Amino acid sequence: MNKLISIVGPTGAGKSSLALQLARRLNGEVISADSRQVYTYADIGTNKKPLGDSAITTLEKHSGKWVVNGIPIWGYDIVDPDQDFSVSHFVSSALPKVHDILGRGKVPIVAGGTGYYVEALLGDSSYSEVSPDSELRDWSKHQKVEKIVEELRQIDPIIINELNTDALMNKQRMVRYLEIAQAKGSVKNAEIISPLKDSLEITKIGLAAEREFLYRKAEAWAEKIMQGGLVDEVSQLIDLGYKDTKILSGIVYSPVVRNITGEISVAEALENIKSQLRNYIRRQLIWFRRDKEISWYFITDNTFDQKIAELLESSQ
């Protein structure tokens, strides 16, 4: 059976670096499963470079992929920042790429921190191709989550009964479910399942460390990029007309926008980025711990390199 390797974990754990290492050893190619690395012109704040500058010998940038040290990383620079990109877009672009890589006798290695993207591609979670409803989303901005849940209950009471309290309090998720239910009659009617789960031998690798270690690593990265071009990157994105886009209103970028517009100082922007990263890491760890098929490797373990070497041997 054909093989696929999935590498997940929180920001800063070294997923892309390990993916390149595995790709080199196993004759593979990497597919990025990151909801922000799909955007053009957003390189620094999305951490597209998987290795330190000193470790990158060659770097080629193409639409849809970068080639780092001769290894393709698919999923970079797919769309401009003002274009919609959802989990369905990701699966529809990544699924053919998996088959293409396999068809060329290579190993697809999926690496990323956007858990839903990984699960949808591998067939562990369903997804929908229902397009966003701008009117509904504008309306939802002025509603409490309880109101959205009640609207969803009127259309699809079954999905409401299946969700736990945390899910029911997730406004973004409830809006999406309502969007789907209004279009298809119920959430279940719109479900699509990727075929990969039943057609490939999938090895799931999780990279982790103590939270405080990950926090410190992320904070050091934030300081580095603030001094190394992030502000210039955001200024360029604003000049290109992308100020009111999803990428600039999200993690890492939004504090810099507020600094550029004079709302907060550089120091405040940096602290906001650090806080965002800590919260994001916490959410990522909670998400990935749900999947009991993931084999976890602690990057701070003295035997980490040995265990990875053993993994490489067993995967060949």
| query | Right, SER254: under 30 Å from ARG137 (Cα atoms), outside the structural domain of GLY14 (by TED's automatic domain parsing), surrounded by fewer than 16 Cβ atoms within 10 Å (Cβ to Cβ) and touching a helix residue (DSSP H, G or I) at 6+ places or on another chain (Cβ under 8 Å) or not? | reply | no
| request: Look through SER92, SER86 and report the one residue that is among the polar types (S, T, N, Q), assigned by TED's automatic domain parsing to the domain that holds LYS49, modelled with pLDDT of 95 or more and within 28 Å of LEU4 (Cβ to Cβ). | output: SER92
| remark: Considering residues that are surrounded by 18 or more Cβ atoms within 10 Å (Cβ to Cβ) and in a strand (DSSP E or B), the number found within the range 151-207 is 6
| query | How many residues are part of a strand (DSSP E or B), more than 12 Å from the chain's Cα centre (by Cα) and hydrophobic (A, V, I, L, M, F, W, C) when one looks only at the range 1-55? | reply | 3
| task | Return yes or no: is LEU214 at negative phi, in contact with a strand residue (DSSP E or B) (Cβ under 9 Å, 6 or more places away or on another chain), modelled with pLDDT of 95 or more and part of a helix (DSSP H, G or I)? | result | yes
| field | Total residues in the range 276-294, condition among the basic types (Lys, Arg) and in contact (Cβ under 8 Å) with a residue 60 or more places away in the chain | value | 2
| note | Scanning the range 60-81 for residues that are under 18 Å from the mean Cα position of the chain (by Cα) and of a type in the set (D, E, K, R), the one farthest from VAL30 (Cα to Cα) turns out to be ASP80
| message | Please verify whether TRP296 is under 17 Å from the mean Cα position of the chain (by Cα) and not in a loop (DSSP other than H, G, I, E, B), treating the condition exactly as stated. | response | no
| note | Checked ALA267, ALA222 against criteria (hydrophobic (A, V, I, L, M, F, W, C), touching a helix residue (DSSP H, G or I) at 6+ places or on another chain (Cβ under 9 Å) and assigned to a helix (DSSP H, G or I)); the one match is ALA222
| task | State yes or no: is THR245 without any contact (Cβ under 8 Å) to a residue 12 or more places away in the chain and β-branched (Val, Ile, Thr)? | result | no
| request: Please state which of the following conditions THR261 fails to meet, knowing it meets all the rest: (1) under 24 Å from TYR117 (Cα atoms); (2) surrounded by fewer than 17 Cβ atoms within 10 Å (Cβ to Cβ); (3) among the polar types (S, T, N, Q); (4) not assigned by TED's automatic domain parsing to the domain that holds ALA13. | output: (1)
| field | Any chance TYR242 is crowded, with 17+ Cβ neighbours inside 10 Å, at negative phi, part of a helix (DSSP H, G or I) and not hydrophobic (A, V, I, L, M, F, W, C) | value | no
| query | If a residue has to be more than 19 Å from LYS48 (Cα to Cα), of a type in the set (Gly, Ala, Ser) and touching a residue at least 24 places away in the same chain (Cβ under 8 Å) to count, how many in the range 113-130 make the cut? | reply | 4
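The values are calculated or read from the model by the stated rules, or taken from the named source; none is laboratory data. These numbers come from a predicted model, not from an experiment. Cβ sites come from the backbone with ideal geometry, for glycine too, and all protein chains shown count toward neighbours.
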